[in-house]
Structures are given as structure tokens and as C-alpha cells.
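Working notes, structure below.
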Amino acid sequence: MYLSVPNNFTQERAPNSTRVDASLAHGAGRVLLPVLMFVVGAVGNLVAIAALSVSRRERKSSAFYTLVCGLAVTDLLGTCLASPITIATYLDPHVLLDSHLCAFHSFLLLFFSLAGLSVICAMAAERYAAICCAFTYRRWHVGRSFAQRVLLGIYLSHALVCCLPAMGMARSERQRSSTWCFIEWRSQAAVATAYTVLYGVTSLLLILGTIVLNLAVCGALLLMRKRTVTRPVTRASVRERWRDLSSAAETQMIAVLVTTSVIVLTCSAPLVVRVFVNRFTLRNDPDADLAAIRIASVNPILDPWIYILLRRSLFRHLRTVSQRRRSGTRTSPPSSPQTNLFYPDLSRDSHVITQLMCTANVITQLPTAVKVPAPTKEWRVRT
């Protein structure tokens, strides 16, 4: 028995094929942005890891830069594991209908969002301990191995927490846009509600902890600077203390910490807000949920460029340019030596005021029985 072919088959074929081609073209256009984000994120994190790997040995052995490298590795893994699934969903919306793949995608989003917040909080805690609790910092021998153990603890504990939905504590579901999976926001089950609250509260505590630690570090630095300026100590000790406080390495660490914290918290906060909104309100807003996860996906793209742009070599170059401009605009020496105590970039060998101060110190320390010869005409001309 043969199937009858409708008379209008040939007439409808062209419009249908046109619609199919248009839909394919639209899908190809939509997938360009995820592909571009994947490439930029992967390449940026690889470049950042390479830049951190070729740093000096003392920098690579520090706890702070070990945590920075750990954050770059975390962003790279998150990009390489989650982005291909997202790209596949733009090509075929039915990809996430597979429950196992949907649960895996939900695990990736939960894990890397929480791990990024934990690593940046660990970076802030490390700087706080190094600046505000220096004795404890040295007694605990905080270094590369210590930071590696912290990273390992973060990965293992967060992997266990984020595996709980797959173990039955909560359920992963495909979101309305069909491009991502996450935990079921509005489940009325007590266990699922407890897990959602646990995840949201943990993320919120990490955000608040990072903010408090960063404010404490910046406040401690400002207080140290104020004490350095107002404390009546000798000229040499002030210069050495201020030079140590404003060194390029410390300045770079604080700049990297603050900038990375701002980006990570800005990108992660909307998703945390949506967790609480979807849990405790009856309003359903899929567009806001999609916007939150898209903002979170920008985080691993921006992070590596902080490490690349805020390298110590760039700081040295900018510092050299600033010194040259400052020396070019300086027309006369300062009127008081006290105003120059906080300019460590001044050349101690060629500065006239510095030479006179050193000579005066030597003269005042000579025994009174020793007769100091009067300065000759040649010396006066030279100075």
C-alpha cells in the first residue's frame, strides 16, 4: 500500500525549507556568542596561568599567588567543562532533556560558582593574616604548600556539597530557556528547601566575609600609613618603613585582590540573590534567572585579565614613568626635609639635601675634642 502524496506538496516544500534555513541561520547566530565567550575565557586563563608560572621563585612560593593560580585553574576548568554543554544546547534545545547530563550541568554551575567565591575569600583572608596578624602568619608557615592544602580542602568539600542534589537531597531541572540546568528553586520538600537555603547562605557568607576582610586590609594599610606619618621617629626608619609598606609587590597584591574581589562578587551576587528570591517569594521571573547565570558566566572571562594586566612588570614600568614625570616637573628642592621622608623614589646619591643631611649627621656624631675643619671653597662649590 502506497502513501498518497498531497497535491500541494511541491508548493509547500519551498516555504518549509526556507523556514528551516532561517531557523538554522538563527541558531548559528545565537551560538556565536557562547563560542566566543568560551574561546576568550579559555585563552585568557591559559595566558594567566602561563604568566603566573614564569614569575619569580619567591612569588610562586607565596601563598597569595598560589591562590591566584588556583582561581585561574578553577575558572579554566569551569569554562572548559560547562561551556561545551551550553554550546550544544544552542545547537539542539533537547540536549538537556537527558536527566544525567542535566544533573551534571547543574553540578558544574553549583560547584564553580561556590569554589570561585571560596578562593577569593581565601585570598582576602591570606592578605588579612599577612598584614594584621603577621606573627601568627609566620608561626603557621603560610606558604605555597599551605595554600595548596587550602585549595584541596575547598575542592573536596564543595564537590561533596554540590553532589548532594545528585544523591537525592534536591532535584536538578532544566530551566525555561532550555540552555542551562540548576537546582529546583521552588520545591516544597523540606530536604530540598534545606539544601537551597544552605547553598544560598554559604554563598552569602562568603561574599560578606570577602567584603569585610578587604575592608579590614585597606583600613589596616591606611592606619599604618597614618601612624607612619604622625609618629615622631627618625628619618631613616620612616623612609624604610614607608618603602616596605608601599613596595611594588604589596601594592600589586592589594590591587589584584581588590579588583578580583569586585569582579567576582559583582558577577556572583545576582545568582545568589535569585536563589533567595526564588526560594522565598512566589514571583517567577525566568528572564531574571537567565540574566543572573549569564552575568556569572562572564566572571571566568574577566578574572584572568586582572592577573595579566596587573603584573609586577607593568607596575614597575608605570612607577618608572611616574618617577620620570615627577622628576621632570620638580623645579626646586622641597623647603623642609620632613616633607621628603615619604618619597622613597628620590636618589640618595645625587640629591643635595640628602648629602647635606648625611654630612650633618656625621659631624654631630664626632667627639667634641676633635676639631672639625672648616669647609673649603672647593667643597662649597661642589655642593
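Computed values, structure above
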read-out: Which numbered condition residue 203 fails, given (1) in contact with a strand residue (DSSP E or B) (Cβ under 9 Å, 6 or more places away or on another chain); (2) open to solvent by less than 20 Å² (accessible area, probe 1.4 Å); value: (1)
read-out: Pair list, Cβ under 6 Å, 6 or more apart: segment 248-271 residue over 16 Å from residue 208 (Cα atoms), other residue assigned to a helix (DSSP H, G or I) and of a type in the set (Phe, Trp, Tyr); value: 248/315; 252/315; 253/64
read-out: The listed residue being surrounded by 15 or more Cβ atoms within 10 Å (Cβ to Cβ) and at pLDDT 75 or above, out of 260, 266, 251; value: 260
read-out: Within segment 275-287, considering residues that are under 25 Å from residue 263 (Cβ atoms) and either of a type in the set (Phe, Trp, Tyr) or open to solvent by 30 Å² or more (accessible area, probe 1.4 Å) (or both), the one farthest from the chain's Cα centre (by Cα); value: 285
read-out: Residue 221 at pLDDT 95 or above and open to solvent by 20 Å² or more (accessible area, probe 1.4 Å); value: no
read-out: Looking only at segment 50-81, and only at residues there that are β-branched (Val, Ile, Thr) and in contact (Cβ under 8 Å) with a residue 40 or more places away in the chain, the one that is nearest to residue 150 (Cα to Cα); value: 66
read-out: Filter result for residue 83 (part of a helix (DSSP H, G or I), among the polar types (S, T, N, Q) and in contact with a Cys (Cβ under 9 Å, 6 or more places away or on another chain)); value: no
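The values are calculated or read from the model by the stated rules, or taken from the named source; none is laboratory data. Because the structure is a prediction, the values reported are computed rather than measured. Because the Cβ atoms are built from the backbone with ideal geometry, glycine has one as well, and the counts that use them run over all protein chains shown. To get the accessible areas, we keep the full protein, side chains included, count just its heavy atoms, and leave off ligands, DNA and RNA. Shrake-Rupley method; radii C 1.70, N 1.55, O 1.52, S 1.80 Å.
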